[in-house]
Amino acid sequence: MNFYVQKSCINGYKIDNTNQKINCLIKNIDWKNNPTEFEYRLSENSEIKKAIIKSVKEFDVSSISKYVRKTVNIDRSSDHVSNLSNDKNPIFNEEELFLKVLIEGKSNLYEYVDGDLTRYFYTKENANIEQLIFKKYKTLESNSGENNRFRQQLWTDLKCPNLKMSRFEYVKYNKNDLVRFFTEYSECQNNDLI
């Protein structure tokens, strides 16, 4: 058992609530869902400890994945056709979450996954983190519609002379499209990207 645990712990760091950065070995379980806690050890031979979301501001697993703790407004409306709401507007609740950092630059892109729920968040130049709004809903004709307000958010907050209006109109609410868009925005701003 110890052999498995040692093999699965890889170099990383955590930043605690006092802003102290602690290098450690983090158990990398390649989270499918965003974690609320993680296991770590200070050295290969030290005991395994558990860090909970309330005690950690940020953690990084060997530059494979980085998570930051943020209090955000999140819409958890279902995307399943049988559970769609009649309201096209998001219903926000304030929650404290570990958000996975996808892009860091002049504007940052974050991902939150919990089972079938995937939400993307962004921030521009030290502003508050906001959810990119996308919501499926039922229409009067019993069909489904989509609130694609995230495109307007991108257009309003991330305009750049080299990005044409059509680029905003066709971006999809998925990881690949959004990462590509934020990369193009950073290049347009001549900004270094992580």
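The values are calculated or read from the model by the stated rules, or taken from the named source; none is laboratory data. Because the structure is predicted, anything quoted here is derived from the model rather than measured. Cβ: placed from backbone, ideal geometry, glycine included. Neighbour counts: every protein chain shown. Keep in mind that these areas ignore ligands, DNA and RNA; they rest on the heavy atoms of the full protein, side chains included. Shrake-Rupley method; radii C 1.70, N 1.55, O 1.52, S 1.80 Å.
Rolling a 1.4 angstrom probe over the protein heavy atoms with all chains in place gives the chain an accessible area of 58 Å² per residue. Among ILE133, ILE91, the sequence by solvent-accessible area, most first, with a 1.4 Å probe is ILE91, ILE133.
Can you pull the percent of the chain's accessible area that's carbon plus sulfur, 1.4 Å probe, other chains left in place?
Working: 4920 of 11310 Å².
Ligands and nucleic acids excluded, carbon and sulfur reach 44 percent.
Among residues other than LEU42 with Cβ under 14 Å from its Cβ, the summed charge is +2 (Lys and Arg +1, Asp and Glu -1).
Select from the stretch 109-194 those GluC sites (Glu not before Pro) which occupy a DSSP coil region and have at most 14 other Cβ atoms within 10 Å, ordered by residue number. Don't jump to the answer; show the numbers that get you there.
Values: sites: GLU111, GLU125, GLU130, GLU141, GLU146, GLU169, GLU184, GLU187; in loops: GLU125, GLU141.
In loop regions of the stretch 109-194 (DSSP not H, G, I, E or B), the sparsely surrounded GluC sites (Glu not before Pro) are GLU125, GLU141.
Bridgeable lysines around LYS172 (alpha carbons under 22 Å apart, same-chain partners fewer than 8 residues away excluded): LYS32, LYS88, LYS100, LYS106, LYS124, LYS135, LYS136, LYS138, LYS159, LYS164. Fully extending the segment from THR36 to VAL81 would add 13.4 nm, taking 0.36 nm per residue of separation and subtracting the current Cα-Cα distance. Between helix 175-188 and the chain there is an angle of about 90 degrees, using the helix long axis and the longest principal axis of the Cα atoms.
Mean projected area of the Cα convex hull of the stretch 108-194, taken over all directions, amounts to 6.9 nm².
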